[in-house]
Structures are given as structure tokens and as C-alpha cells.
Amino acid sequence: MSKIIRKEHSKDNPIDNSDIDFTKADALTDKEIEERAKRDPDSLPFTEEELKKIKIKRRHKDSE
């Protein structure tokens, strides 16, 4: 069984995604992203407690 790794990110501990090309993801609508996530067997659903705490933000395209 594989281990699930979760990392907390914040302004003081940002995600380093400088090596990722977001061109295809930026072209997707929120609905398309949600549909793909639901079909992804590696996408774990959030618990009700996690959903209450989470804040999802779209990446600013001009922040590259």
C-alpha cells in the first residue's frame, strides 16, 4: 500500500511549481476540471470536515 503525503502550504511556505506548464490546465473550465477529478482514480474525495476548511483559489495566469 502506498503512503499518502500531504503538505501544508502558505505564503511563508509556497508551492514551487515553476517547472510545471499550466497551459492546458488554464484552458479548462471549472466544470471540466471537476469532471476530470471525479474520473481520476487517484483523486481522493475530501471528508466533510476537510471541505469546511478548504479554500480553493484559481491560479492567476499573469503571476508566472
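Can you pull out every residue in the range 21-30 that is exposed (fewer than 10 other Cβ atoms within 10 Å of the Cβ) and in a loop (DSSP other than H, G, I, E, B)?
Here is the first cut: in the range 21-30, the residues exposed (fewer than 10 other Cβ atoms within 10 Å of the Cβ) are 21, 23-24, 27, 29-30.
Residues satisfying the conditions are D21, A27, T29.
For the subset of the range 45-58 comprising residues that are assigned to a loop (DSSP other than H, G, I, E, B) and exposed (fewer than 10 other Cβ atoms within 10 Å of the Cβ), which member is modelled with the lowest pLDDT?
Initially, the range 45-58 is screened for residues assigned to a loop (DSSP other than H, G, I, E, B), giving 45-47, 54-58.
With the extra rule that they be exposed (fewer than 10 other Cβ atoms within 10 Å of the Cβ), the set shrinks to 45, 47, 54-58.
Working: P45: 80, T47: 86, I54: 81, K55: 77, I56: 73, K57: 73, R58: 70.
Among those that are assigned to a loop (DSSP other than H, G, I, E, B) and exposed (fewer than 10 other Cβ atoms within 10 Å of the Cβ), it is R58.
Determine the pairs where a residue that is within 17 Å of K11 (Cβ to Cβ), located within the range 45-58, has a partner that is acidic (D, E) and in a loop (DSSP other than H, G, I, E, B) with Cβ atoms under 9 Å apart, the partner being 6 or more residues away or on another chain.
No pair meets every condition.
The values are calculated or read from the model by the stated rules, or taken from the named source; none is laboratory data. Quick caveat: nothing in here was measured; it's all calculated off a predicted structure. Note that each Cβ is placed from the backbone with ideal geometry, even for glycine, and that neighbours are counted across all protein chains shown.
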